[in-house]
Amino acid sequence: MPIYPPTAAADGAVPGTPLIYDDWYPAMRSEGLRGRKLSTAMLLGIPLVLGRREDGRIFAMRDSCPHRGIPLSCGWFDGKQVTCKYHGWSFEPVSGQCREIPSLTAADSLDPQKIFAGAFPCEERDGHAWVFVPRPGRGRVRAADDLPAIPETPKFGTRFRSAHLTAELPCNVDHGIIGLMDPAHGPFVHQAWWWRSKASIHEKEKHFEPIPEGFRMSAHAPSGNSAPYKLLGVYGEPITTTIDFVLPNRRYETIRCGGKWFSSLTTVTPTTANGCRIDVVAAWNIFYHVPLVTTVAKFFGNRFVRQDQETMIQQAEGLKHNPSLMLIDDADRPAKWYFALKQARLATASPGMPNAEASHPMSGPVTLLWRS
């Protein structure tokens, strides 16, 4: 099966792909939003400026003054308003409403408060600034509108540790996502004494079921050839893992061992049509009292993510030439489901097209076999 048709690419560039709008995406770590500092980020090709009001509320605006287009990040923020450095137009950053146009005189009839800079719903979850990105032409969207729930890492108690990982990927979001759900690359990309090796490959059987806008790898005993899972054996309880993929870009993993648990939310976020970023938020209560457990977890987690990043950088060299690609059964079946789900979601955004739920590629539970 060919990869989802890419968008046109300039010579020497990695091909792009259609993007999913009307959903939440993580723009950046929220800990960087403090004081009167303005930060910038790119989401779905949209330049953003983010900050935190003096009352603690975070915000995300299009990094462009509606007057003459200069980036608002070049201006000033006093904790209440963002002011453009070109002509001094000031905006309330959460709503985007213009509060002042210094050049106006008493003879002018223009009401500045009827002018809005681009502003996006922006909320803080799990240490990230999540931004709702509406489809082009939808118009102004407010936090009070009926929006989807903001994603969050599953947690099973109030006492836990957490960690964050991130890496830029030089490929479109489709390649990032199917790499994220690919079960066959582990023994090759992640060869290490603390994970697994090529010699550990064996046949596996996994059961999947459809869920709204995604699919679930049903609860199962984790792979016996992965050292981190073996460590959980010290608790003497059965270990189960559940993995969900949900559009547009989310992979949830939950590992339970009696009252002990580990969970993660991994997202692959399109920064542009042909670039993306992977973010991981993990939470756990396993080995809670072991000294330096967070430091050790972040060290090995970073090694793991960097191995994926290095592979994607190498793959990007080949993708620049826009080669014909294929997906096979059964190991690539989840990737096929992703492309079908994405196509249905994109079609739903077009008037007169079928509902995405009615176009789910899975009619019921499916069992897949592969070696890894």
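The values are calculated or read from the model by the stated rules, or taken from the named source; none is laboratory data. This one's a predicted model, so the numbers in the text were calculated from it and none came from an experiment. Using ideal geometry, Cβ is built from the backbone for each residue, glycine included, and neighbour counts are taken over all protein chains shown.
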- State the number of residues belonging to the stretch 72-114 that are in contact (Cβ under 8 Å) with a residue 40 or more places away in the chain and in contact with a Phe, Trp or Tyr (Cβ under 8 Å, 6 or more places away or on another chain). 6
- Task: Report, ordered by the first and then the second residue, all pairs with beta carbons closer than 6 Å, sequence separation of six or more or different chains, a first member in the stretch 308-337 that is surrounded by 16 or more Cβ atoms within 10 Å (Cβ to Cβ), and a second member that is of a type in the set (Phe, Trp, Tyr).
- Result: Asp330/Trp370; Ala331/Trp370; Trp337/Phe215
- Query: Only one of (1) modelled with pLDDT of 95 or more; (2) of a type outside the set (Val, Ile, Thr); (3) farther than 20 Å from Arg36 by Cα is not met by Arg159, so which one is it?
  - Reply: (1)
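Rundown of residues vs (1) surrounded by 14 or more Cβ atoms within 10 Å (Cβ to Cβ); (2) β-branched (Val, Ile, Thr); (3) within 21 Å of Glu317 (Cα to Cα), yes/no style:
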residue: Ile150; (1), (2), (3): yes, yes, no
residue: Thr153; (1), (2), (3): yes, yes, no
residue: Leu165; (1), (2), (3): yes, no, no
residue: Asp182; (1), (2), (3): yes, no, yes
residue: His185; (1), (2), (3): yes, no, yes
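Quick check on the stretch 25-51: of everything there that is in contact with a helix residue (DSSP H, G or I) (Cβ under 8 Å, 6 or more places away or on another chain) and either touching a residue at least 40 places away in the same chain (Cβ under 8 Å) or under 19 Å from Val141 (Cα atoms) (or both), which residue is surrounded by the fewest Cβ atoms within 10 Å (Cβ to Cβ)?
Leu38
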- Item | Matching residues in the stretch 236-253 - criterion: being acidic (Asp, Glu) and modelled with pLDDT under 90 | Glu237
- Message: Can you pull out every residue in the stretch 52-67 that is touching a Phe, Trp or Tyr at 6+ places or on another chain (Cβ under 6 Å) and surrounded by fewer than 17 Cβ atoms within 10 Å (Cβ to Cβ)?
- Response: His67
- Among residues of the stretch 168-180, those that are within 24 Å of Phe59 (Cα to Cα) and either at pLDDT 95 or above or surrounded by 19 or more Cβ atoms within 10 Å (Cβ to Cβ) (or both), counted: 0
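Tell me whether the stretch 272-295 contains one or more residues that are loosely packed, with under 14 Cβ neighbours inside 10 Å, at pLDDT below 75 and in a helix (DSSP H, G or I).
Yes, the stretch 272-295 contains a residue that is loosely packed, with under 14 Cβ neighbours inside 10 Å, at pLDDT below 75 and in a helix (DSSP H, G or I).
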- Note on the structure: The lone condition Phe116 fails out of (1) surrounded by 14 or more Cβ atoms within 10 Å (Cβ to Cβ); (2) more than 22 Å from Tyr86 (Cβ to Cβ) is (2)
- Close pairs (8 angstrom Cβ cut-off, 6 or more residues apart or separate chains): among the charged types (D, E, K, R) in the stretch 349-370, at pLDDT 60 or above anywhere: Glu357/Pro212; Glu357/Glu213
- Message: I need the full set of residues from the stretch 122-146 which are part of a loop (DSSP other than H, G, I, E, B), without any contact (Cβ under 8 Å) to a residue 60 or more places away in the chain and either hydrophobic (A, V, I, L, M, F, W, C) or surrounded by 14 or more Cβ atoms within 10 Å (Cβ to Cβ) (or both), in order please.
- Response: Val141, Ala143, Ala144
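Kindly evaluate Ala335 against the criterion of being modelled with pLDDT of 90 or more, hydrophobic (A, V, I, L, M, F, W, C) and assigned by TED's automatic domain parsing to the domain that holds Ala282.
On the way: modelled with pLDDT of 90 or more: yes; hydrophobic (A, V, I, L, M, F, W, C): yes; assigned by TED's automatic domain parsing to the domain that holds Ala282: yes.
In short, yes.
Okay, residues lined up against (1) at pLDDT 95 or above; (2) in a strand (DSSP E or B):
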position	(1), (2)
Val14	no, no
Tyr21	yes, no
Pro26	yes, yes
Ala41	yes, yes
Leu48	yes, yes
Ala60	yes, yes
